[in-house]
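Worksheet: the structure to be examined is printed underneath.
What follows draws every value from the coordinates through simple rules; no lab data is involved. What you are looking at is a predicted structure, and each value in this text was computed from that prediction instead of being measured. Backbone-built Cβ (ideal geometry, glycine too); neighbour counts: all protein chains shown.
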Amino acid sequence: MSKTKQAVRTRFAPSPTGFLHVGAARTALFAWLLARQQNGSFILRIEDTDKKRQIEGAEEHIIKTLRALGLDYDEGPDSDAEHGPYRQSERLDTYQQWAQTLVASGRAYADPYTSEEVADFREQAQAKRQPFLFRNHRPDSPPEWDGSMPLRFKSEPKSYEWHDEVMGDLSTGPEVIDDFVIMKSDGFPTYNFAHIIDDHEMSITHIIRGQEFIASVPNYLNLYEALDLPVPVMATMPPILGPDGKKKLSKRDGAKDLLEYLDDGYLPEALISFIATLGWNDGTTQEIFTTEELIKRFSLAGVGKGGATFDEARLRWVNGHFIRNLSVDEVYEKAKSYLPEEASSKDEQYNKSVIACLQERLKYLSEIPELSMFFYKDLPIDLSLINDHKKLKKYDAEQLISLLKVSRETICDVEVFTAGNITAALNQLLTDTEEKPVVLFSLIRIAITQAPASPALADTIAVLGKDTVSKRIDEQISALKS
Ligand code: GLU
């Protein structure tokens, strides 16, 4: 008879030491995708055992970000599911019990040394050019463990071979195995101990985590054996590198709090697609995925071993793609809160047509105020836009003025003021004036927007309306005259 397959249970286990950055979000996303794909469960566990590094409000911030990204969890600190509590600081009794089991079986001992003594051991090893191993200094008769001293695991050095779903087959020799602290003298467990207990008690089937833990895995394997616990599937994420593809990602490369990206008007689905493709692909060259597609196609086998390059320009491109794919109503709903203050004096139809105009080129929503300002107010005339323009600078004021005059007339003559009719009139004007679009259209664009770039010219003219367009062209003419 075949064994019933164990339900997949993955977890995201952040320490509340700051905001959620792209690396942690990717770990969370992959764990979430696997759980959703396998109809399993995704668990949020707060690893708050290092009180010194903790930051007030970080847990709420992380939860808020996960929710905003759509990474809902089935069990977590605010649920009362059966495997809780889900905050390590609320599970101290559990760690105590497991620690006592190890003490009872002779596999843990109180560490009686002061930090000076340990530093001394370290120096001795260094002087002999040997790696420092705590197990070479095990006390002959350790004191009884009463919680006032750290508790160390008594390791059994040996070689290991294990499989990591991303990094492949790995192996190490006995020299990496050492006696590590499992309980600190403040009554809190170390990560090295607590995560093993929690993953077991929470029936976690897959551990997906960052690079920083891979060197410790042999020691974890030693502890799993001592506790007689099964080892979950392990998957170590490749590092995320800055845009040069060499150095580890830093804040200077644009890596910031994901909530900031969301506030800047990056769409959750775009962020998800972008983050998923940091190191993962489905074997094709597809670069943009809906969340549904990711749930279907994700596999740990598709995660590359090498570092993934974080490129904010690619994120903007991905986000622009998601924005373009929305209907005008959808983009308007998401974008309206980003409109400049001045938009409140306009009606919804006008504001919606502004957004519709911008949609094609928009990379993220907080660009809207800057890109849309000329739809709401007359901007000061900036003659450098003409003087520095590679073609227009060759024209004298008189020529420019006459082009502007005929443009204004042409535009004002359009009866039914639609983008289509305006386009037809402007094309006719190109023929009549024998000018190139780069000259004529740039000139009109500058006059009516005072910006070097704008949405499609006919759309822009249609939204601004005949009166504003003709008034702004007149003002440009006056400025050229003076
Ligand atoms: N608490 C660890 C961290 O935030 C998580 C490690 C893990 O996923 O097991 O780095």
Subject >> Net charge of Cβ neighbours under 12 Å - reference Gln399; Lys, Arg +1; Asp, Glu -1 >> reply: +1
Original post:
For a label point 7 angstrom out from the Cα of Glu409 toward its Cβ, which stretches of segment 429-463 have the backbone nitrogen within less than 12 Å?
Top reply: 433
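Restricting the count to DSSP beta bridges whose residues both fall in the chain, what percent are antiparallel, rounded to a multiple of 5?
Working: 13 of 27 bridges.
Once the DSSP bridges in the chain are tallied, antiparallel ones form about 50 percent.
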Subject >> Degrees, to the nearest 10: 191-201 long Cα axis against longest axis of the chain >> reply: 90 degrees
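Given charges of +1 on the Cβ of Lys and Arg and -1 on the Cβ of Asp and Glu, with all other atoms neutral, how large is the dipole of segment 1-114 about its Cα centre, in debye to the nearest 20?
Numbers: 15 positive and 15 negative charges, 113 e Å.
Around 540 debye, computed over segment 1-114.
Pairs Lys256/Lys334; Lys336/Lys377; Lys158/Lys247; Lys390/Lys481: which are spaced more than 26 Å apart, C-alpha to C-alpha?
Details: Lys256/Lys334 22 Å; Lys336/Lys377 17 Å; Lys158/Lys247 34 Å; Lys390/Lys481 21 Å.
Pairs exceeding the cut-off: Lys158/Lys247.
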**OP:** Quick one: net charge around Lys466, please, counting Lys, Arg +1 and Asp, Glu -1 for every other residue with C-beta under 14 Å from its C-beta.
**Re:** -2
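Provide the FRET efficiency to the nearest 0.05 for the Gln126-Asn39 pair, computing r from the beta carbons and using R0 = 51 Å.
Details: r = 53 Å, r/R0 = 1.03.
My answer for the efficiency is 0.45.
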Subject >> Cross-link partners of Lys52 among lysines (Cα-Cα below 20 Å; sequence separation of 8 or more within a chain) >> reply: Lys184
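If you average the sequence gap of Cα pairs under 8 Å that are 6 or more apart and divide by the length of the chain, what percent do you get for the contact order? Each step should come with its number before you reach the end.
Numbers: 693 pairs, mean separation 59.8, N = 482.
Relative CO of the chain lands at 12 percent.
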**OP:** Could you tell me what % of all Cα pairs in segment 441-482 have separations over 11 Å?
**Re:** 62 percent
Original post:
Quick one: if you stick a label point 7 Å off each Cα along the C-beta vector at Ala215 and Glu330, how many nm between them?
Top reply: 4.6 nm
**OP:** Run through all the Cα pairs of the chain and give the fraction in each 10 Å bin from 0, expressed as whole percent.
**Re:** 4, 16, 20, 18, 13, 10, 8, 6, 4, 1, 0
**OP:** Enumerate by residue number the GluC sites (Glu not before Pro) in segment 207-288 meeting two conditions: DSSP loop (anything except H, G, I, E, B), and at most 15 other Cβ atoms within 10 Å of the site's Cβ.
**Re:** Glu287
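With r defined as the distance between the Cβ atoms of Leu92 and Leu170 and R0 fixed at 41 Å, what FRET efficiency is calculated, to the nearest 0.05? Intermediate results must be reported in sequence, preceding the final value.
Working: r = 33 Å, r/R0 = 0.79.
Computed FRET efficiency for Leu92 and Leu170 comes out at 0.80.
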Original post:
Assigning unit charges at the beta carbon (Lys, Arg +1; Asp, Glu -1) and nothing else, what dipole magnitude in debye, to the nearest 20, does the chain show about its Cα centre?
Top reply: 1220 debye
**OP:** With a point put 7 Å past each Cα toward its Cβ, work out how far Asp347 is from Ile295 in nm, to one decimal.
**Re:** 4.1 nm
Original post:
How far apart, in nm, are the 7 Å Cα→Cβ label points at Thr114 and Asn421?
Top reply: 9.2 nm
Subject >> Quarter of Cα convex hull surface for segment 11-103, i.e. mean projection, nm² >> reply: 6.9 nm²
Subject >> Shape call, segment 105-201: gyration tensor on alpha carbons, a/c limit 1.5 >> reply: oblate
